[in-house]
Amino acid sequence: MSKNRMEAYLFCVNCEKDTPHEVEYKAGQIHKITCKTCEISLQINQEFVNKHFKEEFTKRVLSKPIRMTEEMEADLSGFLKSLPIRVISKPYRVYKEYTDKIKE
Ligand SMILES: [Zn+2]
């Protein structure tokens with residue numbers, strides 16, 4: 001599995017404004033997004049995303065880009081804003097459920 005990091009200027013649901021974020025990719029998909037200002041970390045549950053967002057959207061926004069463009073940053077910010085708050089408030093639990101499934 002390849003793991004990569006990228007920096008992006010995204011909307012933080014905790015800071016409630018655009019802040020620098022670290023975007024972590026794993027296996028070609030966004031795995032974790034961390035706000036560098038407040039250090040809140042959001043684990044991306046691919047299953048949830050696949051269920052609730054259109055495939056085309058997740059491919060464009062969550063798959064590993066060659067480089068982060070302004071357009072992508074805008075898309076990602078929109079994605080973060082569109083996530084239901086219960087997913088964001090329990091990132092660890094969501095992540096654990098997801099990784100437990102992978103291990104099986
Ligand atoms: Zn923040």
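For the range 4-13, check the following and say yes or no: at least one residue is within 14 Å of the chain's Cα centre (by Cα) and farther than 17 Å from E73 by Cβ. No.
For the range 37-57, residues that are β-branched (V, I, T) and either at pLDDT 85 or above or over 10 Å from the mean Cα position of the chain (by Cα) (or both) total 2. For the range 13-31, filtered to residues that are of a type in the set (A, V, I, L, M, F, W, C) and more than 10 Å from the ligand (Cβ to nearest atom), the residue that is farthest from N50 (Cα to Cα) is V23.
Suppose we keep only residues that are over 13 Å from K64 (Cα atoms) and among the basic types (K, R) within the range 32-52. Which one would you say is nearest to the ligand (Cβ to nearest atom)? Ranking the candidates gives K36 first.
The values are calculated or read from the model by the stated rules, or taken from the named source; none is laboratory data. The structure displayed is predicted, hence computed values, not measured ones. So basically every Cβ, Gly included, is an ideal-geometry build from the backbone, and we count neighbours across all protein chains shown.
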